[in-house]
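The values are calculated or read from the model by the stated rules, or taken from the named source; none is laboratory data. Keep in mind it's a predicted model, so treat the numbers as computed, not measured. No Cβ is skipped: glycine too gets one built from the backbone with ideal geometry, and neighbour counts run over all protein chains shown. Areas reflect the complete protein model, heavy atoms only, side chains present, ligands, DNA and RNA absent. Shrake-Rupley method; radii C 1.70, N 1.55, O 1.52, S 1.80 Å.
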Amino acid sequence: MVILYTSGSTGRPKGVELEHHSIVNFCHWYVLKNGLSCEDVVAAYANYGFDAHMMDIYPTMLSGACVHILSDAIRSDMVKLNDYLETNRVTCAFLTTQIGCQIVSMFDNKSLRVLNVGGEKMPAIEAPAYCLVNGYGPTECSLFSTTYDVKGHFEGEFIGRALDNYQLYIVDKYMQLVPEGVPGELLICGTGVA
């Protein structure tokens, strides 16, 4: 079991209890989605106080890939960060949306195979030569609950489809399903929900 604290963006911060099976479900999905293997090098960008550190560490260990824990000295310096990724042949990484989009926009990174981003709404961007994945999910959902593979020009309008063993519903204030195209609230159900 892991207890994570939310940012409190929708009210007061609260502790969220994630159970073992939730994280295991996420890790298996992440390894398959990103094709992680013992041939990969993964960058651990997220601080240990941020839930995304589980994405950097657990699936990497599960797949036998190599993890590089990034120092604070390069985390906010885009030139140093990109140089580190290329020099150390990092093939897969998760970066916050703002940092990830800067890397995509500023550099033609030659080592990345997959870049996952999340944590905020993605701005308009041109997809790079490697796979760029926009992830969405509240703390209660064991990291991501949806992902969208960015192709061509992306306007930031999609959060994608549900992860394995998740279900998504759009409901009204009475928790009733709304017709297609009608705005509502996103209801996330499944194995990964705390």
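Values as computed for the structure displayed
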| read-out | value |
| --- | --- |
| Subset of the stretch 73-91 (residues that are under 19 Å from the mean Cα position of the chain (by Cα), surrounded by fewer than 14 Cβ atoms within 10 Å (Cβ to Cβ) and of a type in the set (Val, Ile, Thr)) | none |
| Criterion (of a type in the set (D, E, K, R) and buried (at least 16 other Cβ atoms within 10 Å of the Cβ)) met by exactly one of 140, 126, 120 | 140 |
| Boolean, residue 43 is outside any helix (DSSP H, G or I) and of a type in the set (A, V, I, L, M) | yes |
| Some residue of the stretch 52-62 being more than 20 Å from residue 164 (Cβ to Cβ), outside any helix (DSSP H, G or I) and open to solvent by less than 40 Å² (accessible area, probe 1.4 Å) | no |
| Residue match in the stretch 63-75 (condition: touching a Leu at 6+ places or on another chain (Cβ under 6 Å), part of a helix (DSSP H, G or I) and more than 30 Å from residue 153 (Cβ to Cβ)) | yes |
| Residue in the stretch 7-14 that is open to solvent by less than 20 Å² (accessible area, probe 1.4 Å) and either touching a strand residue (DSSP E or B) at 6+ places or on another chain (Cβ under 9 Å) or closer than 22 Å to residue 127 by Cα (or both) present | no |
